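Data block below; observations after.
Nothing in this text is a laboratory measurement; each read-out follows from the coordinates by a stated rule. As the structure is a computational prediction, the values presented were derived from the model and not from experiment. Here the Cβ positions follow ideal geometry from the backbone for every residue, glycine too, while neighbour counts run over all protein chains shown.
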Amino acid sequence: MTKSITEIDNLFINGKWVAPEGGNEAIINPATEEVIGLAPLASMSNVDAAITAAHYAFNHGPWPSMTMTERADVMNCMAEALEARQEEIVNLIIAEVGCAQGITRMMQVANPINHLRSTIKYALRDEPERLPLDITPNPFAPDGPKNIGGTTVVHEPFGVVSAITGYNFPFLLNLAKIGPALMAGCTMVLKPSPFTPYSALLFGWIAEEIDLPEGVLNIVTGGIEEGQLLCTDERVDMVTFTGSEGVGATIMEQAAPTLKKVHLELGGKSAMIVREDADVERAAAMAVGFLSVNAGQGCAIPTRFLVHNSIRPTFVAVASAVAAQINIGNARDPIVTMGPLIRESQRSKVEEYIELGKSAGANLVCGGGRPSHLDKGFFTQLTLFDNVTNDMKIAQDEIFGPVGCIIGFETDEEAVKIANDSRYGLNGAIETADAATGYEMANRIRAGSVSLNGGTGTMSFAPIGGYKRSGIGREYGPNWIREYQQEKSIFYPVGH
Ligand code: NAD
């Protein structure tokens, strides 16, 4: 009988399944509160063994010195193996995260596999760069013949990488670390969120299926202490992290004494600007659609809606009507369009922010409570506040739930100013009938990406990342692999 992913009860270290010394931990489905599996819990010595394996594989294994084409062959097998398990992974995400089926199928599972394909494609274009010949006087014999020399810039794997990820798009986040790091020739220890261990452990099966050399990918579990070790051990060269702003700052601090490279993908409080000439009904429906994605648990979701004052009443009315149509429940049911928050702790945080919004004087236009038809699971209603001012806490902090703030404006200038008045800078959106003006405004938004009129473009090939406190570095796009490479210049004489 074939095992299901939630029956994985060991850690994956040095190409083998290893018994967890920390015992196990019950993982629950946030929609039902039922236990979906007893996940292996790593001890500090399990994490240490994983670092030892990654370090050995980097220094003595074949992976870092294989050619890009050889690694691409293996990683293409990874993409195929994941594609073959796509439906199984979709079902896992529904159980682990509670995310609605459509979003899960497309954004949580299919897109990440496309990203893996795109990183392989881009990596195969990675060629040493030959710089123009340079003629310089001989410093030791200035009157003698000049020197002529050339330089070639080569890219080498960065080293041993610790990858630490959050819970909201767990398969995507894990694969977004594994794909480029392994393509670059690095070795890795991956530690997922304690809420979603299976979306990482499944890569142990994949590594076995594709014969990944031992020690190249190691998967451990655990929480803060285990994560700390991954950021402090001197054998680790780089930490790549996706998670919250606060933990990102702690990770930098932890990695500082050993001067590791730190790559951070953090939170956001993105603004969607709805100009006076925009299709307001469409914009309002889109705003609600964004908030419903994974119950607002998405880093790049626009959660501040900057709406021209002349159309704000229509926006509020349409958005409230659309919000009433959201089907909240267990995503096992295909008609469900919004699932739960991950845990009770996250729901309490969201509810505290809703209270803060009310007491600050914002106008609650819909939601604000728990759906009455669901007595189990960490559900919350889709909530919209109008008359929000950008200095309110609900407009400044990442709530990480389906809570939107509607803020009025009069001029484009003011809208851009409000959009940029945030410590985050992850994403943005502009809705307008005047695409050229929208494009000019997009250039003035201090964020790693901006969608104009709902544009999605070639997402699998575009770089994504944060300005300001939304992160350091980029994922995806042509230079993705560079995050995991060292650049080396080799100088040589050509003649005299
Ligand atoms: P989190 O920061 O609470 O946890 C993320 C990971 O960090 C977990 O694996 C956790 O165990 C680990 N961790 C916690 N303390 C640590 C420490 N001191 N040292 C090392 N590891 C430690 O994040 P979360 O709640 O799981 O995820 C949600 C957050 O992630 C949101 O802020 C969201 O915006 C962000 N996010 C960002 C992106 C992006 O691409 N920018 C994508 C998805 C999620």
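The angle separating the long axis of helix 111-124 from the principal Cα axis of greatest extent in the chain is about 30 degrees. If R0 equals 22 Å, the separation of the Cβ atoms of residue 435 and residue 310 corresponds to a calculated FRET efficiency of about 0.65.
If you take the Cα centroid of region 1-80 and the Cα centroid of region 213-270, the two points sit 17 Å apart.
When ranked by the protection proxy of mean other Cβ atoms within 10 Å per residue, highest first, what sequence do the peptides 201-207, 420-426 form?
Details: 201-207: 22.1, 420-426: 20.3.
Peptide ranking by packing, descending: 201-207, 420-426.
Can you pull the percent of Cα pairs in the chain with separation above 31 Å? When every Cα pair of the chain is considered, 47 percent fall beyond 31 Å. A simple packing score, the average count of other Cβ atoms within 10 Å per residue, orders the peptides 363-373, 4-14 as 4-14, 363-373, with the highest score first.
Shape summary of region 283-351, radius of gyration then Dmax from alpha carbon positions: 13.4, 41 Å. Principal-axis analysis of the Cα atoms of the chain puts helix 312-323 at an angle of about 80° to the longest axis.
Using the per-residue mean of other Cβ atoms lying within 10 Å as a proxy for protection, in what order, highest first, do the peptides 283-290, 135-142 fall? Walk me through the numbers on the way to the answer.
On the way: 283-290: 22.6, 135-142: 9.1.
Answer by packing, highest mean first, reads 283-290, 135-142.
Restriction of the trypsin sites (Lys or Arg not before Pro) in region 1-92 to DSSP coil positions whose beta-carbon has at most 11 other beta-carbons within 10 angstrom yields 3. Using 0.36 nm per residue and subtracting the Cα-Cα separation, the extra length available between residue 16 and residue 136 on full extension is 37.7 nm. Ignoring lysines fewer than eight residues from residue 349 along the same chain, the ones with Cα atoms less than 20 angstrom from its Cα are 269, 358, 376, 393.
Helix 86-96 and the longest principal axis of the C-alpha atoms of the chain enclose an angle of approximately 60°.
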